[in-house]
1. Going by average Cβ density within 10 Å per residue, which order do the peptides 21-27, 34-40, 56-62 take, highest to lowest?
2. In Å³ and rounded to a whole number, note down the convex hull volume per residue for the Cα atoms of segment 3-56.
Amino acid sequence: MIEAFVGLGSNLGDRLGNLGAAVDQLAREPGFVLRRVSLAYETEPVGPPQPRYLNAAAQVGTLLSARAVFGSNTPCVRLSPYTGSCSVVQ
């Protein structure tokens, strides 16, 4: 099984709720085993003026290739343009 880390972030609306929803969706996603989730951390945005971010990371196990992960409709592709996003690091 491949271990991967998913970086999660949200800076609009219910930021903590958005992160929780992303973790819940990731836990239900076929092909992933949720291992653990970090605490949430607030960070300053980079770029144009915008609200502060709430960020977290999730460790997952998977048998999927990176191509399969990014070629599917997993929550890791994008939750929405502004309320949340995530990145996969293998």
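What follows is calculated from the coordinates using simple rules that are stated; it is not laboratory data. Bear in mind that the values here come from a model prediction, so they are computed numbers and not experimental data. Heads up, the Cβs are rebuilt from the backbone with ideal geometry, glycines too, and the neighbour counts pull from every protein chain shown.
1. Details: 21-27: 16.7, 34-40: 13.3, 56-62: 18.9.
By packing density, highest mean first, the sequence is 56-62, 21-27, 34-40.
2. 88
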